[in-house]
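This report concerns only the one structure given below.
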Amino acid sequence: MILKTFELSKIKDETIFYLLYGKNDGLKSECIDEIINKSIGKVYNYDEKQIKDEIETFYENILSGSLFEDSKIIIINRATDKIYEIIQDLIDRNIHNIKIIINAGTLETRSKIRSLFEKQKDLICIPTYQDNNDTLSKLATIFFRDEKISISQQNINLIIEKCNGDRGFLRNELDKIKNYTRGKKKLSSKEILKLINLSENFEFSELIDNCLAKNKNKIINILNQNNFNTEDCIIILRTFLSKAKRILKLAIQFEKNKDINKTINSAKPPIFWKEKNIVKIQLNKWKPEKIRKLINSINNIELETKKNFNNSILITTNFILEKGCSDINN
């Protein structure tokens, strides 16, 4: 059965199989998060290739019960028609207490798995077409209104043009702007151009995510691939501060419920499925008391970079290397 993305609320709770396909990864992420957030169960992520290579393990996870799990949510990423027989077999088995979300790219009209989901009423098929500029403009306008940031329509259009019809890209751009504008209520065209052009290199958020995950090789690779300037340092540190505060909030919750999947799936605002694996790593690396110390350190480093503007790049990169590459949190 074909549904539009805004019709997700119509889906019955007992629905098991979902197919999302199309080029709009950002919209697919939002839909997947919505399905997960109104479901109960531990989330498992698979790639199609992983399933084909480890078919017995996959079936065992799908079909076996557990004393500790009432239900499961299985996400199959980068799916194609190569997985058609496996999905058909699972449908025929009449499984329950599980949700299977198939995340596919572009599927042609003659696609077997697309045809299967379109024709059967108990299977949900959700196409995600590229957003048009009007839709993205409305989303951006709501963001700036809620953040009480003054910005011209011309500058909103600059941001929209960079997003290539994908609200996931728009969200990344708006996140960068939000981190940059703390305390600011107005943005110039020059600032907008600088901020949106950052995505042509590694995202600053990727650098900070890997720092919090203590992924040493990735941190060094990103630093080597980029030529940061003094103005970038404030954006990097404010991105660091924002992500550290998010991890603190999650770490406090995790300490209470001892369930990392429940913590991540109940996060507000929701965490996109693409981020969930690295957030799990971060939560396992940082305890609340360590994160609080980190937040204080970030604030101190930002003050230091402002006082020593000419050395801000060295100060910032050394700080990231210290926090991301050390075995013991300082």
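The values are calculated or read from the model by the stated rules, or taken from the named source; none is laboratory data. Computed from a predicted model, the values in this text were never measured in an experiment. Note that each Cβ is placed from the backbone with ideal geometry, even for glycine, and that neighbours are counted across all protein chains shown.
Taking the stated definitions as given, is Glu85 free of Cβ contacts under 8 Å to residues at least 24 places away in the same chain and over 21 Å from the mean Cα position of the chain (by Cα)? Criteria met by Glu85. Counting only helices (runs of 4 or more DSSP H) that fall entirely inside segment 265-330 and contain at least 1 residues that are more than 23 Å from Ile36 (Cβ to Cβ), hydroxyl-bearing (Ser, Thr, Tyr) and at pLDDT below 95, the qualifying elements are 288-307, 312-325.
So, Asp122, is that one over 25 Å from Arg238 (Cβ atoms), touching a strand residue (DSSP E or B) at 6+ places or on another chain (Cβ under 9 Å) and either acidic (Asp, Glu) or not assigned by TED's automatic domain parsing to the domain that holds Phe17 (or both) or not? Here the answer is yes, as Asp122 does meet what is asked. Does segment 230-241 contain at least one residue that is under 24 Å from Lys285 (Cα atoms), among the aromatic types (Phe, Trp, Tyr) and buried (at least 20 other Cβ atoms within 10 Å of the Cβ)? Looking for residues that are under 24 Å from Lys285 (Cα atoms), among the aromatic types (Phe, Trp, Tyr) and buried (at least 20 other Cβ atoms within 10 Å of the Cβ), one finds at least one in segment 230-241, hence yes. Scan segment 210-229 residue by residue and report those that are part of a helix (DSSP H, G or I) and either touching a Lys or Arg at 6+ places or on another chain (Cβ under 7 Å) or crowded, with 20+ Cβ neighbours inside 10 Å (or both). Across segment 210-229, the qualifying residues are Asn210, Cys211, Leu212, Ile219, Ile222. Can you spot a residue in segment 166-182 that is among the small types (Gly, Ala, Ser) and either on the phi > 0 side of the Ramachandran plot or modelled with pLDDT of 85 or more (or both)? No, because not a single residue in segment 166-182 is among the small types (Gly, Ala, Ser) and either on the phi > 0 side of the Ramachandran plot or modelled with pLDDT of 85 or more (or both). Annotation note: Cβ proximity below 6 Å between a residue of segment 275-299 that is in the same structural domain as Ser242 (by TED's automatic domain parsing) and a residue that is not in a helix (DSSP H, G or I) (sequence gap 6+ or interchain) occurs for Ile278/Ala213; Val279/Ile271; Ile281/Ala213; Gln282/Ala213; Lys285/Lys214; Lys290/Asn329.
The single residue among Glu191, Glu173, Glu161 that is outside the structural domain of Asn310 (by TED's automatic domain parsing) and in contact with a Cys (Cβ under 8 Å, 6 or more places away or on another chain) turns out to be Glu173.
Restricting the first member to segment 210-230 and to residues that are on the phi > 0 side of the Ramachandran plot, and the second to residues that are surrounded by fewer than 13 Cβ atoms within 10 Å (Cβ to Cβ) and among the charged types (D, E, K, R), the beta-carbon pairs closer than 9 Å and six or more apart or on different chains are Lys214/Asp327. Could you check Glu56 against (1) closer than 22 Å to Phe169 by Cα; (2) out of contact with any Pro (no Cβ under 9 Å at 6 or more places or on another chain) and say which number it fails? Every listed condition holds for Glu56 apart from (1).
Each row is one residue, and each column tells you yes or no for (1) exposed (fewer than 14 other Cβ atoms within 10 Å of the Cβ); (2) in contact with a Ser or Thr (Cβ under 6 Å, 6 or more places away or on another chain); (3) over 13 Å from Leu207 (Cα atoms); (4) not hydroxyl-bearing (Ser, Thr, Tyr).
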position	(1), (2), (3), (4)
Arg246	no, no, yes, yes
Ile260	no, no, yes, yes
Asn277	yes, no, yes, yes
Lys280	no, no, yes, yes
Asn299	yes, no, yes, yes
Ser326	yes, no, yes, no
